[in-house]
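The values are calculated or read from the model by the stated rules, or taken from the named source; none is laboratory data. Because the structure is predicted, anything quoted here is derived from the model rather than measured. A quick note on method: Cβ atoms are made from the backbone with ideal geometry, for glycine too, and the neighbour counts reach across all protein chains shown. Areas reflect the complete protein model, heavy atoms only, side chains present, ligands, DNA and RNA absent. Shrake-Rupley method; radii C 1.70, N 1.55, O 1.52, S 1.80 Å.
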Amino acid sequence: MGLRLGSNRKLALLAILLLTPLLSGCGQDFLLLKPAGPVARTEMHLMERAAIPMGIVILFVIVLLAIVVIRFRDTPDNKAPYTPDWHGSKRLETIWFVIPVLILAFISVPMVKQTFKLAKVPVTSGDPITIDVVSIDWKWLFEYPGQKVATVNYVKIPVNTPVLFELTAYSPMNTFWVPQLGGMEYTMPGRVLPLWLQASYAGVYTGRSANFSGSGYAKMIFSVDAVSSSQFQSWISQVASTASPLTGPEYQSLLQQDLVQTQTYYGYPSYTFPSQLNGFTLNGGMYIASPLPSKKSTSA
Amino acid sequence: MGAIIAKLFPPSTYDSAIILGADAAIILVSAAVVIILTKYKRWQWLWKEWITSADHKKIGIMYLIVAVTMLFRGGVDALMMRSQLAIPDNTLLTANHYDEIFTTHGTIMVFFMAMPFIFALFNVAVPLLIGARDVAFPRLNAISLWLTIFAALLFNVSFVIGGSPNAGWTAYPPLTEMSFNPGLGQNYYLMSLLISGVGTVATGVNFLVTIIRMRAPGMTLMRMPMFVWSALVTSALIIFAFPALTVALALTLLDRVGGSTFFTLGHGGMPMMYVNLFWIWGHPEVYILVLPAFGVFSEVVATFSQKRLFGYSTMVVSVLAITALSFGVWVHHFFTMGAGASINVFFGLSTMLIAIPTGVKVFNWIFTMWQGRVRLTVPMLYALAFIPTFVIGGASGVMLATVPADYQLNNTYFLVAHFHNVLIGGVVFGLLAGMYYWWPKMFGYMLDERWGRRAFWLFFVGFWVTFVPQYFLGLEGMPRRIFTYPAGLGWTGLNQISTVGAFMMGAGFVVLVYDILYSVLHMVRDTTGDPWNGRTLEWSLPSPVPEYNFAVVPIVNDRDAWWEMKRSGNGQPNWPSAKAIRGLHVPKHSAQPFFLGLSFFILGWGVVYEWWWIALFGLVAVLASLVYAMMDYDEVEEIDPDTIRGIEGRFGRLQA
């Protein structure tokens, strides 16, 4: 009996401790639950779609377990039935085979649908723009093939326009992640992976690497500045008139393993990003760029 | 000379007070062990009774010592990480030290804590559960142990000599390439895992053959206790999965020391191929860890509900289904590496499928208790704690299997919380339950329940206080493996709660060790051999079990063989007559496994340093040791029947 009381007290304490973050957080800092674009919103809805039935299962199991343990405790005065040889029931086992199947169907049908949908850049809502991203130890190089602009550690995008990020690396692997706009994708040497994101509201969103890449990894942060289309255009023309190009020596210094401040360039050498046209080489190796059909239309 | 010393002791082995303190502690503890052994003249005893032993029960105990020691080391790593993250912009650890610590924490917990702990329970329990006198290959069993021990030693040596690995326990190239990671740490990682992998595969072969070939008469496959089933499928998983890891590690090693370009950044290397190979091993590995824990729970829940296991056949089918599915889900570790929507959907669905057999098992455990009589002993507390913990871990796993959601949650603290939820809530709770459950069988005395309960509550509550905040940190966008973070992101408070929880778990470990010491001092002997009113054959033997296990091999008529024997004999088992007892063969002691392990250690250390003459010496020693073992036909010795009659008679286990 002493154990029961003791554990109840401990459970109450546990409950309080578990609820504290919920109460203190109030949702302000939960970036994954504060989507600012359609991709992140879809991903959040799928999280909820999985979390709600799973939460019900969790509650059911905990309540059932509590009932079983209390009701069938081995105490001298326990009057509950005791059937030491009862070892199965096809009916019951069928029930808890079928219920998980139904729950998983409930979760997986929209999962399949949305996975295919998110793989394609939507072409209905405005012209998509392409931004090439290179992760370098420990910084992010962004290049706008259509606008000839290159930036380091920040990127400006127009709101309500799908942006196709083409991701690669000149370094160990990282992931390119802007939580409020959508999930991450790896940047890998020798491969170019596509990821499209879109901002629904103007604002500055934090992006970072989420895959460990060495001692500078924790500070491998960039910002995504989502602005209106007209502001985006005027920024492009401002860069065109004020910024200097990224030269070969400057690019070489970017390849050093270090942290750098944000940079802005107008014009950059084409070999800084792999393309199927010129073949990207590194120490004699050939990069294999995966075919990206949308690239032809945007970079032409 | 100076160059050699600089290579032996690079700055990372002494450049902070914490590291120096740990170095000093290691030296002091090692010296204390040597002094105690010398003072009490225990060296010979250690050598004759333990180091050269091929007895599966002693090998199990030595695995357990390795596992608990490594749990301490991995736990200290965890506490250092949590201390570093308790304050924003903390400077307690440098980025490099933090990187080393999360790498060694993960590697040690998986390879040198969980795996040895599982092998400890296999060794202690499996032969006894199936009515066998030993494993199929006792000498090979000792070889597996010593390869594991020397591999663990090699891995831990890196802390003092040469520097720890720092590329994460998954060690993805090209970060592990020589040009990005010039230290010796990755070499230590590769060599120690390659060596322990040899021992692990040998253990898999050993237990597969033992279970298939050495069951007592009457024990059909469908009468095997669930723990034996889980050991069987785990052994099969090991045999099929570990070669993929060995290939991945060996090719990485060739890239580092042999100039090849399998996974390199340039020269047409394909880093992603390593990721594929690693997780083709890595996901089955998750089930290699958790299925034995499932097996423990099946034994513990039935025993302490004093009722037959519910839905035995479904449990067997579920375990087989999990085994088969475990080889078809590995891509879910890297949905975000651009495999494409179709492939991601396939692996997302196959991952979700695993939830079905697992869910069936959970309900079967609960209904084993239904209409039973539940006794809240310490092993049962761990089993009861496991059920909701594992269900929550599984639920977050289903969220992660939802492919687009994984794009957000992958590589965040949500993922960290998820896999600790299943690995601590599933594996560690299961291993501790197994340790408390079989402790009297191993040592002949009980672990104190009162201190055991205190350790349990600290560990259980500490677990939730540590990992619930980490789920929320994931939703706040905190990625894993960052050594520090700025203030103002809302991460500080949650990290502090998590740190408090980690120290509660640390306190739980200390109380657990105190429980062991307390129980040694206040020894409550298990005189019956059946302290829990058990159901399976190991409880039919005295505690601790004599070297030969069964004086007469039992005939099995029921799944709960011992329960049925007790019941049919009105609680008075049918002991054999003195005449029925014959002389028995037991494996002879041998120093060969120890020297084989030592030779592999020398070989490994030589390769780590690329000091090829040392490696060559090690290789020659390995070959010599194997040739010696090949020619050594004198592997067994006989125990004469009178000795056995004497022992059995002393336990009152002979018919009058």
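Of note:
- Cα-based radius of gyration of segment B:551-656 once divided by 2.2 N^0.38 Å, which approximates compact folds: 1.81
- Cα-based equivalent ellipsoid of the protein assembly as shown: semi-axis lengths in Å, sorted from largest, via gyration tensor: 52, 33, 24
- Cα centroid separation, segment B:68-97 to segment B:439-476 (Å): 19 Å
- Radius of gyration and Dmax over the Cα atoms of segment A:160-236, both given in Å: 13.4, 39
- Principal-axis tilt of helix B:429-443 within chain B, Cα atoms, nearest 10 degrees: 40 degrees
- Förster radius 22 Å - calculated FRET efficiency between residue A:95 and residue A:59, Cβ distance, rounded to 0.05: 0.80
- Expressed per residue, the C-alpha convex hull volume of segment B:595-650 stands at 83 Å³.
- Average accessible area per residue (Å²) across segment A:129-290 - probe 1.4 Å, nucleic acids and ligands excluded: 34 Å²
- Counts of other chain beta carbons within 10 angstrom of each beta carbon in peptide B:339-345 average 4.
- Using only the C-alpha atoms, the convex hull of segment B:399-463 corresponds to 86 Å³ per residue.
- Computed 3J(HN,Hα) for segment B:546-554, one whole-Hz value per residue from the Karplus formula 6.51 cos²θ - 1.76 cosθ + 1.60 where θ = phi - 60°, is x, 3, 8, 6, 9, 5, 10, 5, x, glycine and proline marked x.
- Average accessible surface for chain B: 34 Å² per residue, computed with a 1.4 Å probe over protein heavy atoms with every protein chain in place.
- Residues whose amide H lies under 5 Å from that of residue A:73, counting only those 5 or more places away or on a different chain, are B:374; hydrogens are built 1.01 Å from N in the peptide plane.
- Checking the cross-link pairs A:117/A:139; B:57/B:588; A:34/A:156; A:90/A:113 against a 23 Å limit on the alpha carbon distance flags A:117/A:139; A:90/A:113 as lying beyond it.
- Separation of segment B:362-416 from segment B:266-316 is 14 Å, based on Cα centroids.
- Amide H contacts for residue B:558 (H built 1.01 Å from N in the peptide plane; partners 5 or more residues away or on another chain; cut-off under 5 Å): none found.
- For segment A:129-290, a simple Cβ point-charge model (Lys and Arg +1, Asp and Glu -1, everything else neutral) yields a dipole of about 100 debye relative to the Cα centre.
- Of all DSSP beta bridges in segment A:129-290, antiparallel share, percent nearest 5: 70 percent
- HN-Hα J in Hz across segment B:495-510 - Karplus 6.51, -1.76, 1.60, θ = phi - 60°, x for Gly and Pro: 5, 5, 4, 4, 5, 4, x, 4, 6, 5, 5, x, 4, x, 5, 4
- Per residue of B:159-168, other chain Cβ atoms within 10 Å of the residue Cβ number 1 on average.
- The amide H of residue A:175, built 1.01 Å from its N in the peptide plane, has A:187, A:210, A:211 as neighbours under 5 Å, considering only residues 5 or more places off or on other chains.
- Cα gyration tensor category, rounded, prolate or oblate, for segment B:402-506 with a/c compared to 1.5: prolate
- Globularity index of segment A:129-290, i.e. its alpha-carbon radius of gyration over 2.2 N^0.38 Å: 0.97
- Our compactness index for segment B:335-386, the C-alpha radius of gyration over the empirical 2.2 N^0.38 Å, is 1.82.
- Heavy-atom accessible surface that A and B bury in contact, both chains counted, 1.4 Å, Å² to 100: 8600 Å²
- Counts of other chain beta carbons within 10 angstrom of each beta carbon in peptide A:217-227 average 2.
- Couplings 3J(HN,Hα) of segment B:180-189, computed from phi: 9, 9, x, x, 8, x, 5, 4, 4, 4 Hz, in residue order, whole Hz [Karplus 6.51 cos²θ - 1.76 cosθ + 1.60, θ = phi - 60°; x for Gly and Pro].
- Here the sum of -39500 (n - 2.57) over DSSP H runs of 4 or more residues, divided by the residues of the protein assembly as shown, equals -19500 deg cm²/dmol at 222 nm, to the nearest 500.
- Charge tally around residue A:183: other residues with Cβ under 9 Å, Lys/Arg +1 each, Asp/Glu -1 each, net -3.
- DSSP beta bridge pairing in the protein assembly as shown, given as percent antiparallel to the nearest 5: 75 percent
- Residue-count net charge about residue A:96 - beta-carbon cut-off 13 Å; Lys, Arg +1, Asp, Glu -1: +2
- Local electrostatic count, residue B:562, Cβ distance below 10 Å [Lys/Arg +1, Asp/Glu -1]: -2
- Rg and Dmax of segment B:214-342, based on Cα coordinates, read 19.5, 64 Å.
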